[in-house]
Structure formats: C-alpha cells, structure tokens
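The structure appears right after this line, and notes come after that.
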Amino acid sequence: MAWYQIVNAKSDNYIADRDAEDLLRAFSAALRDADVPVEAEVFYGLTRSGARVYYFSLSPEAVALTERVLASYDATMLAAPPDLAGLEQIRRV
C-alpha cells in the first residue's frame with residue numbers, strides 16, 4: 001500500500017469543509033468504475049498549525065486510477081506510513 005498526504009491550507013471552516021468534500025468526491029469518482037478490486041483508506045486530522053491533513057492508503061490499482069486526482073491536489077507520496085494516532089478514519093473502500 002502506498003501512502004499519500006494532502007494538506008489543505010488553513011482557512012475558514014466553510015471553505016475547508018467544501019474543499020474536503022470535493023476531494024473525497026474526486027477520489028470516489030475515480031475509484032467508482034474500477035474494473036479490478038482496489039483498496040483505499042482515508043484518514044483526516046489537523047497539522048500543528050491547524051491546517052487540515054488527509055492521509056490516503058492506496059493499493060497499486062487505486063494509485064493508477066487516482067493519479068489525476070493526486071496531481072490536482074498536490075499530494076505528497078510518503079516513504080513510510082504516517083503516525084495515525086489521533087486521526088479519524090473517514091472511509092475505507
């Protein structure tokens with residue numbers, strides 16, 4: 001499983017909530033019509049500065065299907081799994 005991090009800039013709650021919903025919709029749309037089984041988990045939390053951070057655990061098949069979404073949200077591929085202590089799991093596909 002590959003791990004990706006997406007950090008949304010700190011902003012007012014309405015805009016940040018809307019951005020989070022757009023992000024999850026984009027991932028769902030990319031994975032919805034998969035011809036092969038894919039695995040994906042999404043975790044959410046806050047950085048020390050208060051920005052929203054999302055961690056995506058993606059199978060190789062999921063990475064291939066979501067490349068465009070990852071690029072458009074400036075995702076960072078992590079070398080190792082992140083510390084998920086204190087984070088909320090949003091979704092498992």
What number of residues within the stretch 30-48 are more than 18 Å from A2 (Cβ to Cβ) and either over 13 Å from the mean Cα position of the chain (by Cα) or free of Cβ contacts under 8 Å to residues at least 24 places away in the same chain (or both)? 6
Residues that are open to solvent by less than 60 Å² (accessible area, probe 1.4 Å): which strands (runs of 3 or more DSSP E) entirely in the stretch 35-93 hold 2 or more of them? 40-46, 52-58
Residue check, V7 against (1) surrounded by 14 or more Cβ atoms within 10 Å (Cβ to Cβ); (2) modelled with pLDDT of 90 or more, all met but one. Which one? (2)
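The values are calculated or read from the model by the stated rules, or taken from the named source; none is laboratory data. All of these numbers come straight from a predicted model, not from anything done at the bench. Ideal geometry is used to build each Cβ from the backbone, glycine not excepted, and the neighbour counts take in all protein chains shown. Quick note on the areas: whole protein, heavy atoms, side chains included, nothing else; ligands and nucleic acids left out. Shrake-Rupley method; radii C 1.70, N 1.55, O 1.52, S 1.80 Å.
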